[in-house]
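Student: Questions regarding the structure given below will be posed in turn.
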Amino acid sequence: MCGIVGYIGKKKASPILIDGLLKLEYRGYDSSGISTVENGYLSNMKDKGRVKNLYDLDGINDLNGTIGIAHTRWATHGKPCKENSHPHMDNEKCFSVVHNGIIENYQDLRDFLIGKGYKFLSETDTETIPNLIHYYYNKDENSNEGRFLRAVNSACKDVKGSYAIEVICKDYPNKMIIARKDSPLVVGVNQDEYYVASDIPAILSYTKNFYLLDDGDIVELQKNSISFYNMNLEKIQKDLKNIEWDATSSEKAGYPDYMLKEIYEQPRSIRETIGTRLKQGEKVNFSDINISKDYLKNIDKIYLVACGTAMHAGLSAQPLFEKLCKIPVTVDIASEFRYREPLIDDKTLCIFISQSGETADTIAALKLVKLNGAKTIAISNVINSSITREADFTIYTHAGPEIAVASTKAYTSQVTLLALLGIHFAEVLESSDASEINNIKNELLLLPEKIQDILKDVTQIKEFAKKVYTEHDIFFIGRGTDYTTAKEASLKLKEISYIHSDAYAAGELKHGPIALIENGVTVVGIVTDAKLACKTISNLQEVITRGAKTFIITNQDLEKGNYDKVIRIPNTHPMISPILSVIPLQLFAYYISKEKGLDVDKPRNLAKSVTVE
Ligand code: M6R
């Protein structure tokens with residue numbers, strides 16, 4: 001979704017801004033722009049399309065200002081075009097603004113401003129902000145240093161919805177005001193210079209010291225000072241945090257795409273997720289969250305709530321939680337959960353899963369749950385993301401920055417962390433047989449090596465991808481946890497290859513979907529649970545009889561069957577098998593996308609973090 005970068009210091013701002021925007025490309029966007037202040041004049045250069053198009057704009061190299069703001073836009077209000085791109089300015093070109101989020105009352109604000117004589121040049125909600133700031137600025141009779149800050153603050157007070165904004169003003173060439181509500185914003189600090197961004201990776205190569213803004217914060221930045229205020233313009237204090245992310249871990253490191261790099265990082269990311277939580281012969285350690293035996297004994301249900309791939313991680317973990325903890329678990333799509341009046345009270349535990357920690361529906365669902373008295377746990381990959389500030393407890397996946405829009409390593413880390421959490425609850429509750437628990441724990445520790453094995457030779461996966469990349473429909477089937485892998489694999493394929501695909505519980509085929517099977521259609525079968533294997537094999541024979549080509553991911557001895565390709569993966573406990581079985585299918589989607597010549601990391605219409613509902 002939209003991305004923000006800002007700079008104030010002694011260096012020329014424009015190269016820093018464009019560099020930051022390039023680092024935010026992974027979020028998904030359709031237009032970009034920058035604005036700087038110089039000699040009492042605000043420049044504003046923007047266009048639809050890629051950030052690199054900015055280099056072609058006449059005069060971009062002549063921007064010498066040392067203060068600037070920049071933006072990548074993912075269209076919500078109004079189509080992608082130059083007029084709707086950010087930065088937006090007020091009618092008198094006194095203020096320039098970039099904005100992430102959605103202004104829910106923009107129509108009322110627009111009507112109000114039109115009534116005051118303002119004109120609008122774009123279809124966006126954002127254009128109300130510079131004009132509203134201008135309106136308050138002109139109304140302020142006290143033309144002292146605080147006038148710019150007061151105008152931004154008054155405008156923010158009028159806005160309903162979410163925002164992260166950067167504002168510069170031609171009358172204050174040494175100042176930038178930024179503010180946030182329900183949309184992330186950080187300030188990176190160096191000697192006599194400040195970097196602003198919606199996402200840390202955009203500015204990680206310049207500094208590791210950050211102020212992480214909270215909702216309602218307004219910040220006044222000058223070249224050598226920073227002041228934080230609340231919505232009443234009272235000064236507040238903030239702690240500087242050191243973020244130990246390695247800048248190179250958000251770069252491609254020799255891989256052609258981030259997605260491939262992230263797939264290959266999985267042995268390491270799983271190791272990081274397990275960290276010190278699991279050691280041979282010891283109980284799983286979650287001493288960082290205070291969940292007692294009394295509390296767990298008293299709850300009567302658990303909700304796992306998330307969107308997209310993170311929701312699939314919830315689905316993969318559901319059987320483990322239910323079997324080991326003996327507590328009913330429901331997995332919900334956040335955008336459905338929040339509107340269906342779910343039954344929640346103080347006997348409900350709700351776990352929210354989000355790689356980015358910024359997904360609007362997941363955060364809204366969490367807020368709703370808190371109002372109803374349930375305890376909340378956030379599982380996130382991004383330190384200090386919005387969701388982690390709302391939840392009662394947070395546990396981090398520690399998978400490292402995930403840049404490709406299609407989630408891979410975050411998913412396997414989420415499933416791993418959820419398995420560890422389920423085991424922890426079972427150990428606290430003493431609700432399950434120790435030998436089964438120990439078996440899963442041992443298998444968890446072996447995952448990195450087993451993933452390494454899968455990644456050693458991917459030629460067969462690549463070959464099959466070459467064979468089917470021109471197809472229009474591909475189906476995925478499985479039973480039990482293999483069905484959840486089928487769902488995740490199908491999502492991955494459609495996201496980056498644009499091939500229509502669906503996942504079915506293998507036992508459901510005969511209840512309708514088998515009507516779609518005809519000569520030459522590809523069916524991917526996942527068979528990793530010995531107890532269910534013969535059932536899925538029968539279903540695969542039914543589709544083969546009807547002419548389907550089959551691509552099988554299995555840890556069973558199926559080599560002798562009449563399948564088109566069998567990918568053998570290492571054995572593990574069925575409850576954590578999605579962590580292994582998904583990997584060949586991530587690669588399958590990847591190679592199909594490459595064969596089609598598509599942009600794997602930035603698939604059309606998609607954004608890395610979905611910060612609007
Ligand atoms: O950041 P989140 O985990 O909350 O994101 C949820 C989904 O938007 C995300 O998993 C999406 O489905 C990915 N593009 C999947 O690859």
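The values are calculated or read from the model by the stated rules, or taken from the named source; none is laboratory data. Because the structure is predicted, anything quoted here is derived from the model rather than measured. Here the Cβ is made from the backbone with ideal geometry for all residues, glycine too, and neighbour counts use every protein chain on show. For accessibility, only protein heavy atoms count, side chains too; no ligands or nucleic acids. Shrake-Rupley method; radii C 1.70, N 1.55, O 1.52, S 1.80 Å.
Student: How much FRET efficiency would the formula 1/(1 + (r/R0)^6) give for Lys560 and Arg604, where r is the Cβ-Cβ distance and R0 is 41 Å, rounded to 0.05?
Tutor: 0.50
Student: Right, next: In 10 Å bins starting at 0, how do the alpha-carbon pair distances of region 287-444 split up by percent?
Tutor: 11, 43, 36, 9, 0
Student: Let me ask you something else. Give the Rg/Rh ratio for region 543-613, taking Rg as the radius of gyration of the Cα atoms and Rh as the Kirkwood radius, to two decimals. If you can, show how the numbers build up before the last one.
Tutor: On the way: Rg = 16.3 Å, Rh = 15.0 Å.
When Rh is taken as the Kirkwood radius, the ratio is 1.09.
Student: Which whole-number percent of Cα pairs in region 293-376 have a distance greater than 16 Å?
Tutor: Distances greater than 16 Å cover 48 percent of the Cα pairs.
Student: When 1/r is averaged over all different Cα pairs and the result inverted, which Kirkwood radius in Å belongs to region 222-361?
Tutor: The answer is 19.4 Å.
Student: Here's another thing I want to ask about it. In nm, give the distance between the simple-model label positions of Met231 and Lys119, each being 7 Å from the Cα along the Cα-to-Cβ direction.
Tutor: 3.4
Student: Using +1 at the Cβ of each Lys and Arg and -1 at the Cβ of each Asp and Glu in region 252-456, identify which of Pro328, Tyr396, Ser435 lies farthest towards the dipole's positive end.
Tutor: Tyr396
Student: Hey, what angle do you get for helix 578-595 against the long axis of the chain, alpha-carbon based, 0 to 90 degrees rounded to 10?
Tutor: So the helix axis and the longest Cα principal axis differ by about 60 degrees.
Student: Could you please state, rounded to a whole Å, how far the C-alpha centre of region 359-376 is from the C-alpha centre of region 51-125?
Tutor: Centre-to-centre (Cα) distance: 32 Å.
Student: Calculate for the chain the 222 nm mean residue ellipticity that helices alone would give, adding -39,500 (n - 2.57) per DSSP H run of length 4 or more and normalising by residue count, nearest 500 deg cm²/dmol.
Tutor: -11000 deg cm²/dmol
Student: Normalising by the residue count of region 1-142, find the relative contact order in percent from Cα pairs under 8 Å and 6+ residues apart.
Tutor: The value is 25 percent.
Student: Based on Cα coordinates alone, diagonalise the gyration tensor for region 3-248, multiply each eigenvalue by 5, take square roots, and list the semi-axes in whole Å, largest first.
Tutor: The three semi-axes for region 3-248 are 24, 21, 17 Å.
Student: Any idea how far apart Leu455 and Tyr339 come out in nm if each label point goes 7 Å out from Cα toward Cβ?
Tutor: About 4.0 nm separates the two model spin labels.
Student: So for region 435-536, considering every pair of alpha-carbon atoms, how many percent are separated by more than 17 Å?
Tutor: 64
Student: What number, in percent, do you get for the relative contact order of the chain if the mean sequence gap of Cα pairs under 8 Å and at least 6 apart is divided by its residue count?
Tutor: That works out to 12 percent.
Student: What figure in square angstrom, to the nearest 10, would you give for the accessible area of Tyr55 with a 1.4 Å probe?
Tutor: Its heavy atoms expose roughly 120 Å² to the probe.
Student: Nearest 10 degrees is fine. How inclined is helix 481-497 to the longest principal axis of the chain, computing both from alpha carbons?
Tutor: Compared with the principal axis, the helix lies near 50 degrees.
Student: Determine one quarter of the surface area of the Cα convex hull of region 459-595, which equals its mean projected area, and express it in nm² to one decimal.
Tutor: Working: hull surface 28.2 nm².
That works out to 7.1 nm².
Student: May I ask you to list the aspartates and glutamates whose Cα is less than 19 Å away from that of Lys208, ignoring any residue fewer than eight positions away on the same chain?
Tutor: Cα-Cα hits under 19 Å: Asp19, Asp192, Glu193, Asp199, Asp239, Glu244, Asp246, Glu251, Glu402.
Student: Kirkwood hydrodynamic radius, region 101-215, all distinct C-alpha pairs: what's the number in Å?
Tutor: On the way: mean 1/r = 0.0651 Å⁻¹.
It is 15.4 Å.
Student: Please work out the average accessible area per residue across region 252-456, using the 1.4 Å probe convention, and give it in Å².
Tutor: In whole numbers, region 252-456 has 37 Å² accessible per residue.
Student: Arrange the residues Glu488, Glu358, Glu613 by how much accessible surface each exposes, largest first, with a 1.4 angstrom probe.
Tutor: The most accessible residue leads, giving Glu613, Glu358, Glu488.
Student: For Tyr41 and Asp215, what does the FRET efficiency come to when R0 = 25 Å and r is the distance between their Cβ atoms, rounded to the nearest 0.05? All intermediate terms of the calculation are to be shown ahead of the outcome.
Tutor: Details: r = 33 Å, r/R0 = 1.34.
Step by step, r from the Cβ atoms, then E = 0.15.
Student: In what sequence, highest mean first, do 61-74, 149-162 appear when ranked by Cβ atoms within 10 angstrom?
Tutor: On the way: 61-74: 22.6, 149-162: 19.4.
Per-residue Cβ counts within 10 Å, averaged per peptide and sorted highest first, yield 61-74, 149-162.
Student: Mind pulling the per residue volume of the convex hull built on the Cα atoms of the chain? Å³ is fine. Could the numbers behind the result be given before it?
Tutor: Values: hull volume 96.6 nm³, N = 613.
Hull volume normalised by residue count: 158 Å³.
Student: Hey, if we sort Arg546, Arg338 by accessible area with the 1.4 Å probe, largest down, what's the order?
Tutor: Arg546, Arg338
Student: What's the center-to-center distance, using Cα atoms, between region 402-462 and region 277-331 in Å?
Tutor: That distance is 14 Å.
Student: If you stretched the chain out fully between Lys293 and Glu463, how much longer would it get, using 0.36 nm times the residue separation minus the C-alpha to C-alpha distance? Mind showing how you got there, number by number?
Tutor: On the way: separation 170, 0.36 × 170 = 61.20 nm, distance 5.13 nm.
Difference between extended and current length: 56.1 nm.
Student: List the pairs from Lys238/Lys608; Lys10/Lys235; Lys279/Lys370 whose alpha-carbon separation is above 31 Å, in the order I gave them.
Tutor: Those over the limit are Lys279/Lys370.
Student: Something else now. Relative to the longest principal Cα axis of the chain, at what angle does helix 147-158 sit, 0 to 90 degrees, rounded to 10?
Tutor: So the helix axis and the longest Cα principal axis differ by about 50 degrees.
Student: Let me ask something else about it. With each pseudo-label sitting 7 Å past Cα toward Cβ, what's the Thr276-Asp108 distance in nm, one decimal?
Tutor: About 5.1 nm separates the two model spin labels.
Student: Right, another one. Less than 13 Å Cβ to Cβ from Ala515, Lys/Arg counted +1 and Asp/Glu -1: what total charge do the surrounding residues give?
Tutor: Every neighbour counted, the sum reads -3.
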